[in-house]
Amino acid sequence: FAWGARSWVCAGSNFIPREHVALYQACVVEKDFDKGRRIMSAMLPLMDFLEGGKFVQSIKYGCALNGLSTGGVRKPLYDLDAGEKQELLEVIEQYRQQLVPLIVPLTLLRHYVMKYDQPYLARQLYLSPHPAELMLRNHV
């Protein structure tokens with residue numbers, strides 16, 4: 001929007017539509033690009049997850065979380081495994097609770113630590129503070 005685009009298509013809007021409308025409102029209606037950048041920055045962990053190689057499966061599961069039946073994926077694709085489903089659910093919930101890490105690379109690192117099963121890194125408290133309110137965050 002900051003570069004003059006009149007619209008944006010994101011499949012994530014199928015399961016978090018209010019958040020995408022807020023981005024549109026901030027950038028197009030209010031012309032508040034700082035607010036739009038904050039919203040988009042908060043969405044980056046979700047965008048990264050969606051682009052992580054199982055796009056269709058992620059969108060279908062996101063819709064299912066909202067009670068929308070989309071049916072299964074077609075071969076040769078396979079559904080998300082239990083760990084991937086849990087990770088997507090956590091990314092969405094953290095976004096909704098405004099517990100979004102301030103440093104996006106930290107979130108990406110956490111994603112790949114789990115994806116490539118790195119137990120030593122997974123045990124690092126900095127990547128998964130408890131309680132979640134202790135993590136670095138920004139206000140959307």
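Just so it is clear, none of the values below were taken in a lab; they were calculated from the coordinates. Note that this is a predicted model, so its numbers are computed, not measured. With ideal geometry, Cβ positions are generated from the backbone for all residues, glycine too; neighbour counts draw on all protein chains shown.
For region 1-121, the square roots a ≥ b ≥ c of the C-alpha gyration tensor eigenvalues yield an a/c of 1.5 or more together with a/b not exceeding b/c, which makes the shape oblate.
Sorting 9-18, 35-44 by their mean Cβ neighbour count within 10 Å, with the most densely packed peptide first, gives 35-44, 9-18. Report the paramagnetic label zone for Tyr116: residues of region 54-83 whose backbone N is under 18 Å from a point 7 Å from Cα along the Cα-to-Cβ axis. Within reach of a label on Tyr116, which here means backbone N under 18 Å from a point 7 Å along Cα→Cβ, region 54-83 contributes 54. Computed from backbone phi, the HN-Hα couplings of region 15-28 come to 10, 9, x, 4, 5, 6, 5, 4, 5, 4, 4, 4, 7, 8 Hz, rounded to whole numbers (Karplus: 6.51 cos²θ - 1.76 cosθ + 1.60, θ = phi - 60°; Gly and Pro given as x).
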